[in-house]
Amino acid sequence: MTTNTVSNLVQIRIANARAAFEQAGGVGSVAKKMGYSGASFLVQMFGPKPTRTPTEKTMRRIEESLGLPAMSLDSPDGPGKVGTSVSAPAPSDKGSLDTAALSRVISLVNKLIEEEKVDVGSDKFAALVSMAYEDAVEQGGVAREAKMRQVLQLLN
């Protein structure tokens, strides 16, 4: 990733986290949901004058704690509404996993990674597939290619 792209991603993450914190009742409330005794760690990254850069791990923990879809805090479109994550059906629920949609999503993510020439590890690939599958579930079985391309461009 270029320095400019990283800087843009950090700015998007900070803005989205701040919006999500506001929806969730403030940074102190989010800190408690994340298991912190105080908000100082989050304020260092998302306060008025950040002194730390938010990490991938921290962003995913915030999303999980607030019930947001994976990678939503990295989206230029904003994080969405706190507590409204639509998870893909669990494989243990008989018949609930749409394997055809999952296959299409995996193919789409792989194709876009190649086209955008983005180098992602297996963890990020899995997160991208999960995010695209959630999108496909929300969209009636079809993931939005343009949305996934935007996410990948942020990683490039």
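The values are calculated or read from the model by the stated rules, or taken from the named source; none is laboratory data. All of these numbers come straight from a predicted model, not from anything done at the bench. Glycine gets a Cβ as well: all are built from the backbone with ideal geometry, and neighbour counts include every protein chain shown. Areas reflect the complete protein model, heavy atoms only, side chains present, ligands, DNA and RNA absent. Shrake-Rupley method; radii C 1.70, N 1.55, O 1.52, S 1.80 Å.
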| request: Residues being open to solvent by 70 Å² or more (accessible area, probe 1.4 Å) and under 15 Å from the mean Cα position of the chain (by Cα): count how many of those fall in segment 117-143. | output: 2
| field | Verdict on residue 5 being modelled with pLDDT under 90, within 21 Å of residue 77 (Cα to Cα) and loosely packed, with under 15 Cβ neighbours inside 10 Å | value | yes
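So which residues in segment 120-156 are part of a loop (DSSP other than H, G, I, E, B), in contact with a helix residue (DSSP H, G or I) (Cβ under 7 Å, 6 or more places away or on another chain), without any contact (Cβ under 8 Å) to a residue 60 or more places away in the chain and not basic (Lys, Arg), if there are any at all?
Going through segment 120-156, the residues part of a loop (DSSP other than H, G, I, E, B) turn out to be 120-121, 139-144, 156.
Of the ones still in play, those that are also in contact with a helix residue (DSSP H, G or I) (Cβ under 7 Å, 6 or more places away or on another chain) are 120, 141-144, 156.
Checking the rest, the ones that are also without any contact (Cβ under 8 Å) to a residue 60 or more places away in the chain come to 120, 141-144.
Those that are part of a loop (DSSP other than H, G, I, E, B), in contact with a helix residue (DSSP H, G or I) (Cβ under 7 Å, 6 or more places away or on another chain), without any contact (Cβ under 8 Å) to a residue 60 or more places away in the chain and not basic (Lys, Arg): 120, 141, 142, 143.
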| message | Looking at segment 98-119 only, could you name the residues that are more than 17 Å from residue 140 (Cα to Cα) and touching a helix residue (DSSP H, G or I) at 6+ places or on another chain (Cβ under 6 Å)? | response | 109, 112, 116, 118
| task | Answer yes or no as to whether residue 54 is part of a loop (DSSP other than H, G, I, E, B), surrounded by 14 or more Cβ atoms within 10 Å (Cβ to Cβ) and touching a Lys or Arg at 6+ places or on another chain (Cβ under 7 Å). | result | yes
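Given the structure, is residue 32 open to solvent by 10 Å² or more (accessible area, probe 1.4 Å) and outside any helix (DSSP H, G or I)?
Details: open to solvent by 10 Å² or more (accessible area, probe 1.4 Å): yes; outside any helix (DSSP H, G or I): no.
No; evaluated as a whole, the condition is false for this residue.
Within segment 133-143, identify whether any single residue is within 21 Å of residue 56 (Cβ to Cβ) and at pLDDT 85 or above, and answer yes or no. Before the answer, list the steps.
At the first step, the residues of segment 133-143 found to be within 21 Å of residue 56 (Cβ to Cβ) are 133-135.
Pick out the ones that are also at pLDDT 85 or above and you get none.
No, segment 133-143 has no match at all.
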